[in-house]
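Accompanying notes for the structure given below.
The values are calculated or read from the model by the stated rules, or taken from the named source; none is laboratory data. Please read these numbers as outputs of a predicted model, since none were measured by experiment. Neighbour counts run over all protein chains shown; Cβ positions are idealised from the backbone, glycine included. In case anyone asks, the SASA skips ligands and DNA or RNA and just uses the protein heavy atoms, side chains included. Shrake-Rupley method; radii C 1.70, N 1.55, O 1.52, S 1.80 Å.
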Amino acid sequence: MKNDCIFCAIVAGEIPSFKVYEDDFVLAYLDINPFTKGHVLVIPKTHSTGLLDTDDDALAAVVMRVKKVAAHMKASLPCDGFNILQNNGEAAGQTVKHLHFHIIPRYAGEPLAFESHKGDMSELAALANRLRM
Ligand code: 5GP
Ligand code: ZN
């Protein structure tokens, strides 16, 4: 696996993912262990570990796609709101050392928790079909 990086392996197609958006710069796919229904990760295709070692132009491109994907998710899930989460360093809970932005959909009346839940593969597949852009 390239760089020993699981997200680079997803970009390379060596590991499958439930893709919802892709262009020359970024890939967006469902988190395998979602916090809430429809939890998506947006990553740059070029490896960097976090916010601070990412080139400004690459970062700007990713953030613009986070907005684009979030707008689509809000309308097509649909959800009532969403959190953007981006962890840097183990102390901050970063487990995968490839820059990623979480888009965590929120639903009115559901408790505001940051807890992952084991993803159900058939539900993830159905959500990816609904969200694919
Ligand atoms: P972090 O805690 O590093 O900010 O978040 C990493 C996220 O990546 C976690 O929410 C975890 O569920 C997700 N993740 C880890 N491995 C995989 C994988 O192989 N595929 C997908 N789709 N998500 C993954
Ligand atoms: Zn990587």
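Scanning segment 78-99 for residues that are in a loop (DSSP other than H, G, I, E, B) and either buried (at least 18 other Cβ atoms within 10 Å of the Cβ) or acidic (Asp, Glu) (or both) gives Cys79, Asp80, Lys97, His98, Leu99.
This table checks each residue for (1) touching a helix residue (DSSP H, G or I) at 6+ places or on another chain (Cβ under 9 Å); (2) open to solvent by less than 70 Å² (accessible area, probe 1.4 Å).
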| residue | (1), (2) |
| --- | --- |
| Gly38 | yes, yes |
| Ile43 | yes, yes |
| Asp55 | no, no |
| Ala60 | no, yes |
| Arg65 | no, yes |
| Val69 | yes, yes |
| Met73 | yes, yes |
| Ser76 | yes, yes |
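If we keep just the residues of segment 1-42 that are within 11 Å of ligand 1 (Cβ to nearest atom) and hydroxyl-bearing (Ser, Thr, Tyr), which is farthest from His100 (Cα to Cα)? Looking at residues that are within 11 Å of ligand 1 (Cβ to nearest atom) and hydroxyl-bearing (Ser, Thr, Tyr), I get Ser17.
For segment 100-133, give me each residue that is out of contact with any helix residue (DSSP H, G or I) (no Cβ under 7 Å at 6 or more places or on another chain), within 14 Å of ligand 1 (Cβ to nearest atom) and assigned to a loop (DSSP other than H, G, I, E, B). Across segment 100-133, the qualifying residues are Ala113, Phe114, Glu115, Ser116, His117, Lys118, Gly119, Asp120. Across segment 106-133, the number of residues qualifying as under 11 Å from Asp31 (Cβ atoms) and either surrounded by 15 or more Cβ atoms within 10 Å (Cβ to Cβ) or of a type in the set (Gly, Ala, Ser) (or both) comes to 4.
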